[in-house]
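The values are calculated or read from the model by the stated rules, or taken from the named source; none is laboratory data. In this text, all values refer to a predicted model and were calculated from it rather than measured experimentally. Glycine gets a Cβ as well: all are built from the backbone with ideal geometry, and neighbour counts include every protein chain shown.
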Amino acid sequence: MDANALEIKDLRKSYGDFTLDGLSLTLPRGCIMGLVGENGAGKSTTIKLILGMIKKDGGSVRIFGEDPMTDMEALKEDIGVVPDEIGFPDFATAEIIGRIMKNVYRNWEQSVYEDFLKKMDIPKDRKFKEYSRGMRMKLGIAAALSHRPKLLLLDEATNGLDPVVRDEVVELFSEFTRQEDHAVLISSHIVSDLEKICDYIAFLHKGKLLLCEEKDRLLEQYGMLHCTGEQLAGLMPEAVIGKRESAYGAEALVKRNMLPAGWETSPVSLEELFVFMVKGSA
């Protein structure tokens, strides 16, 4: 059994004025990876390339060791997908969608689907076109989890949900990966959601991967330094990832192990880390 749920190597795609530029990342089984990036960073393009929905210009994708471009029919049972825009028919109710999905997936479990509908308070008899964005997203998640997938691909799946529902949904994803052969790739610009549940974080900016690392290691490796402009100027340039200076002093994202002995830093959040890295790469 392949140890990794997903392996991407040197993945490239260009169209219009956008280029996904040599993306490489690995998602082990039993883990959740957050793909963070602003709108237009390449998150949706990456997920479409993984699924073989668009043709890559170069590089490779492996899902459980298999190439989705040649084996997607066999792989589809193992993959649950929640796209940014849920594409169920407008006229369909949740009950009808369950019947449709039963014909799409051999492993469809109607009882599991109905349990999710209850748990997430999704009405069975309302037409899809009458759903709010948040309700559509919840229905998409329920459908994605009801055919025993091993890999979940989620594109902005928490977008449009109120904080209470978002917390419930995030917990569902966390429960999903308690089975060792399961994994989740979730893209989002709501960094706080990812901070709660992710084992790995990948920062994508304008089609380039700024970093991909274990979350806990990232938070250990980087810190926020508050100092004078003069002190900041005295540091090795490679120690400073990004900075903000004002008349009152300086604030900088730094690599802890490159600071002089005795210098103190405060913990950095993933959101601060992403913002400073994006500014530093501009």
(message) List pairs: first residue in region 230-247 and free of Cβ contacts under 8 Å to residues at least 12 places away in the same chain and surrounded by 11 or more Cβ atoms within 10 Å (Cβ to Cβ), second residue of a type in the set (D, E, K, R) and not in a helix (DSSP H, G or I) anywhere in the structure, Cβ distance under 6 angstrom, at least six positions apart or on different chains.
(response) Arg244/Glu251
(request) Considering every residue within region 117-128, establish whether at least one is touching an Asp or Glu at 6+ places or on another chain (Cβ under 7 Å), modelled with pLDDT of 95 or more, assigned by TED's automatic domain parsing to the domain that holds Arg12 and more than 23 Å from Leu172 (Cα to Cα). (result) yes
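So which residues in region 157-175 are in contact (Cβ under 8 Å) with a residue 60 or more places away in the chain and either surrounded by fewer than 20 Cβ atoms within 10 Å (Cβ to Cβ) or of a type in the set (Lys, Arg) (or both), if there are any at all?
Asn159, Ser174
Return a yes/no flag: does region 81-104 have any residue that is charged (D, E, K, R) and under 30 Å from Phe203 (Cβ atoms).
yes
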(request) Mind telling me which of the residues Ile32, Ile63 ends up being of a type in the set (A, V, I, L, M, F, W, C), touching a residue at least 12 places away in the same chain (Cβ under 8 Å), in contact with a Leu (Cβ under 6 Å, 6 or more places away or on another chain) and under 26 Å from Leu172 (Cα atoms)? (result) Ile63
(request) Count, please, the residues in region 248-278 that happen to be surrounded by fewer than 16 Cβ atoms within 10 Å (Cβ to Cβ) and either assigned by TED's automatic domain parsing to the domain that holds Ser187 or in a loop (DSSP other than H, G, I, E, B) (or both). (result) 8
(request) Check region 50-67 and report whether any residue there is in a helix (DSSP H, G or I), under 24 Å from Val191 (Cβ atoms) and touching a helix residue (DSSP H, G or I) at 6+ places or on another chain (Cβ under 8 Å). (result) yes
(request) Quick one: in region 250-259, of everything that is touching a residue at least 24 places away in the same chain (Cβ under 8 Å) and more than 15 Å from Met277 (Cβ to Cβ), which residue is nearest to the chain's Cα centre (by Cα)? (result) Arg256
(message) If Thr46 satisfies all but one of (1) crowded, with 21+ Cβ neighbours inside 10 Å; (2) assigned to a strand (DSSP E or B); (3) not basic (Lys, Arg), what's the number of the condition it fails?
(response) (2)
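Might you let me know whether region 69-81 holds any residue that is buried (at least 16 other Cβ atoms within 10 Å of the Cβ), part of a helix (DSSP H, G or I) and without any contact (Cβ under 8 Å) to a residue 12 or more places away in the chain?
no
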(request) Among the residues of region 223-249, count how many are of a type in the set (Gly, Ala, Ser) and over 32 Å from the mean Cα position of the chain (by Cα). (result) 6
